[in-house]
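Bear in mind that the values in this text are calculations on the coordinates, not laboratory data. Being a predicted model, the structure only gives us computed values, none of them experimental. Heads up, the Cβs are rebuilt from the backbone with ideal geometry, glycines too, and the neighbour counts pull from every protein chain shown.
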Amino acid sequence: MSSIGKLYFFPDGKPRYRHILVDGKSMHPTYENGQTLWMHTLEYTRLAPQRGDVVVLGNEGESPFYLKRIIGLPGDRIGIRRGQMTVNGNVYENYGHGRIGARLRPLVLAEGEFFVMGDNRPISMGGVVEAGNVLGKIL
């Protein structure tokens, strides 16, 4: 994944929430470079990530971190054709703007895998991530 959209964590004294700073334009126009956000670190201990959730990705205690939107869930068939994201054969345009410059042959996500991408489709890198790399949900 690209370093566009990486985040820096600032301790806020609360173990369930972290204050973060957006560094990059991969989630534009939803979030702007320099914007501060809150991440709930325990959200996915009770619930599974859902399509459309904006999440922080990475390895706890290591940087960089990435801010991306969950597009595909375990069992989904994901592809990119003619600049458009497809989920289970249907064009997915719920979030994001612009055409995707890459192509992706359809693939089926395994248990514990998610497909993520930034909302600024022309510049954002996306891909498959494992559930263990989802650090929290943006509130």
Simple SL model, points at 7 angstrom along Cα→Cβ for Asn33 and Ala48; separation in nm is 3.7
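Among DSSP beta bridges whose residues both lie in the chain, state the antiparallel percentage, nearest 5.
Details: 37 of 38 bridges.
If we restrict to bridges inside the chain, about 95 percent are antiparallel.
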With the 8 Å Cα cutoff and a minimum separation of six or more residues, the chain has a relative contact order in percent of 27
Asserting the computed 222 nm helical MRE of the chain (DSSP H runs at least 4 long, -39500 (n - 2.57) per run, divided by residue count, to nearest 500) equals -500 deg cm²/dmol
re the chain: pairs of Cα atoms spaced beyond 23 Å account for a percent value of 29
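Contour minus end-to-end for His40 and Asn133, with contour as 0.36 nm per residue of separation and end-to-end as the Cα-Cα distance? Walk me through the intermediate numbers first.
Values: separation 93, 0.36 × 93 = 33.48 nm, distance 1.44 nm.
Gain in length upon complete extension: 32.0 nm.
Starting from the Cα-Cα distance between Arg82 and Leu107, subtract it from 0.36 nm times their residue separation and give me the gain in nm to one decimal.
Numbers: separation 25, 0.36 × 25 = 9.00 nm, distance 1.61 nm.
Extra length from Arg82 to Leu107 when fully extended: 7.4 nm.
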Once both label points are put 7 Å beyond Cα along the C-beta direction, the Asn94-Ile123 separation in nm becomes 2.5
